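The structure appears right after this line, and notes come after that.
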Amino acid sequence: MAASRGPTEPEVRAFESTVESIDGTEVVLEETWFYPEGGGQPADRGAIEGVPVLDVQSVDEQVVHTLERAPDFEVGDTIGAVIDDEFRTYAMRAHTASHVLYGAGRQVFADIGYGGFGITDQKVRVDFETSTEIDDDTLVELERLTNRAIWDSREVTWEELPREEALELDDIAFNTATEEGVMADADTVRVVTVEDWDVGACGGTHVSNTREIGPVSVLERSNPGEGLTRVEFAVGPSAVEERAAEHQAALQAANEIGTNITSLPQAVTRLQSEVESLESEVEDLTDTVLTAELRDLDAVGDWQVGVIDDHEANAVGERVQELAGEVAPVLAATGGNGRPFVVVGTDGTADAAEIVDAVTEEFGGGGGGGPTFAQGGGLDADAADVKAFLVERAETGK
């Protein structure tokens, strides 16, 4: 039996054929236009004699149609088959769009190789082998060039060429991971050409003119493996919806900050600068407040002791190290919600680590440090209880 006629006659959606064999739910026809899964393109959907086709695979040079149930027809019967028009049309557009995107990559990348391809209901992917870094600007340029080539209504053709002749074509895209394996024993190679744009060895179904593809919207990039960059994009209606969502989001963002879409990048940069400046001011004010609170702790002999609220332990620790000795020979602060921390700084006349060890021995938790600075956390006590313990030690001079 010959291979599927779908790639050479992609516009066929309904046909009649003779049943060659039946094995349970698996049916082989003398001729079929159903496309079997392969080369990154999913199998066609549809029905044979009204029975849904669940899968189509190429097995031992035969196209095997897996039906939803065992058929009522028999070997030798002439059957009617229908290919799902919507999905076949989408697959044709998506597959051709991948060729156009690859042709755009030829213009953008310093070097290029074909690393893979795949179609799902939501999006299409092309894996590029390139040393060029694909950043946001590159993605935008790929999308622009692709849609321009679609708008230019470039003719798409395909032909069978002797294998060696096809491989000698200049700049032919040849996916060694898929097409070469499929065609390894073939005398000929099917070559798809997008007029003045791209040439590739491909066994899939395609539209006859790029204008049939419709809009393409690049979604994202990723790195599926070493030396590969994956570009994913939407085609047709999904691309329209994606673009509309992006436009709506951009308009909303522009309205929120009082500008237009064209000026949005500059406005965002300005806002980021303002936020960074404000964050710096807040940090400075927080440091000033924290310093004032530490200086204002209760004096108990040579110690200053108290509770510091609304500040992180590390921030308190940094300030205690700076102020210990200046404010008092021993500066001890506790704080935190639920399981408080303790921070102790000294001028060397008392051992900060010993003080923290005493606190953690009394209230649990853990800590560490040295003679002039130590801190602990996870204390099983209220900050007020920890302060009372520190005050007692200060009063006894320990």
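The table below gives the values:
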| quantity | calculated |
| --- | --- |
| Distance (nanometres) between label positions extended 7 Å along Cα→Cβ at residue 59 and residue 23 | 0.5 |
| Cβ-Cβ FRET estimate between residue 339 and residue 291, R0 fixed at 30 Å, reported to 0.05 | 0.75 |
| Helix-only [θ]222 nm of the chain, DSSP H runs n ≥ 4, -39500 (n - 2.57) each, per residue, nearest 500 | -11500 deg cm²/dmol |
| C-alpha center-to-center spacing [region 56-103, region 136-176] in angstrom | 24 |
| Percent of beta bridges antiparallel (DSSP, region 302-398, rounded to nearest 5) | 70 |
| Pair-distance profile P(r), taking every C-alpha pair of the chain, with 10 angstrom steps and integer % | 5, 17, 17, 12, 9, 10, 11, 11, 7, 2, 0 |
| Percentage relative contact order, region 201-305, counting C-alpha pairs under 8 Å, at least six apart | 13 |
| Under Karplus coefficients 6.51, -1.76 and 1.60, residue-wise ³J(HN,Hα) of region 201-217 in Hz, glycine/proline x | 6, 7, x, x, 9, 9, 7, 8, 8, 4, 5, 6, 5, x, x, 10, 10 |
| FRET E, pair residue 212, residue 280, Förster distance 35 Å, beta-carbon r, rounded to 0.05 | 0.05 |
| Solvent-accessible area of residue 289 with every protein chain in place, 1.4 Å probe, in Å² to the nearest 10 | 70 |
| Long-range Cα-Cα pairs in region 1-44 (distance over 12 Å), rounded percent | 64 |
| Rg over Rh [alpha-carbon atoms, Kirkwood Rh] for region 195-352 | 1.36 |
| Rg followed by Dmax, in Å, when region 53-143 is reduced to its Cα trace | 19.3, 58 |
| Additional length obtainable on full extension of the chain from residue 30 to residue 148, 0.36 nm per residue less Cα span | 38.3 nm |
| Cα-based helix-to-principal-axis angle, 383-396 vs the chain, degrees rounded to 10 | 30 |
| Rounded to 10°, Cα long-axis angle of helix 264-295 versus longest principal axis of the chain | 20 |
| Accessible area (Å², 1.4 Å probe, nearest 10) - residue 134 | 10 |
| Tensor-based shape of region 284-365 (alpha-carbon gyration tensor, a/c under 1.5 rounded, otherwise prolate or oblate) | oblate |
| Amide hydrogen neighbours beyond the local backbone of residue 188, cut-off 5 Å, H modeled | 163 |
| Coil-residue GluC sites (Glu not before Pro) of region 59-137, DSSP, other Cβ within 10 Å capped at 15 | 61, 68, 74, 133 |
| Listed residues 219, 323, 278 arranged by accessible area, highest first, probe 1.4 Å | 278, 219, 323 |
| Acute angle (nearest 10 degrees) that the helix 352-363 long axis makes with the longest principal axis of the chain, alpha-carbon atoms | 80 |
| Quotient of C-alpha Rg and 2.2 N^0.38 Å, computed over region 159-287 | 1.74 |
| GluC sites (Glu not before Pro) within region 266-343: DSSP coil, no more than 11 neighbouring Cβ in 10 Å | 326 |
| Percent of C-alpha pairs per 5 Å bin, region 325-373, short to long | 5, 24, 31, 22, 13, 5, 1 |
| Efficiency of FRET from Cβ geometry, residue 187 and residue 86, R₀ 30 Å, rounded to 0.05 | 0.25 |
| Part-to-part distance (alpha-carbon centres) for region 290-309 and region 316-334, which is given in Å | 8 |
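The values are calculated or read from the model by the stated rules, or taken from the named source; none is laboratory data. Note that the coordinates shown come from a computational prediction; the quantities given were computed from them, not determined experimentally. Cβ: placed from backbone, ideal geometry, glycine included. Neighbour counts: every protein chain shown. Keep in mind that these areas ignore ligands, DNA and RNA; they rest on the heavy atoms of the full protein, side chains included. Shrake-Rupley method; radii C 1.70, N 1.55, O 1.52, S 1.80 Å.
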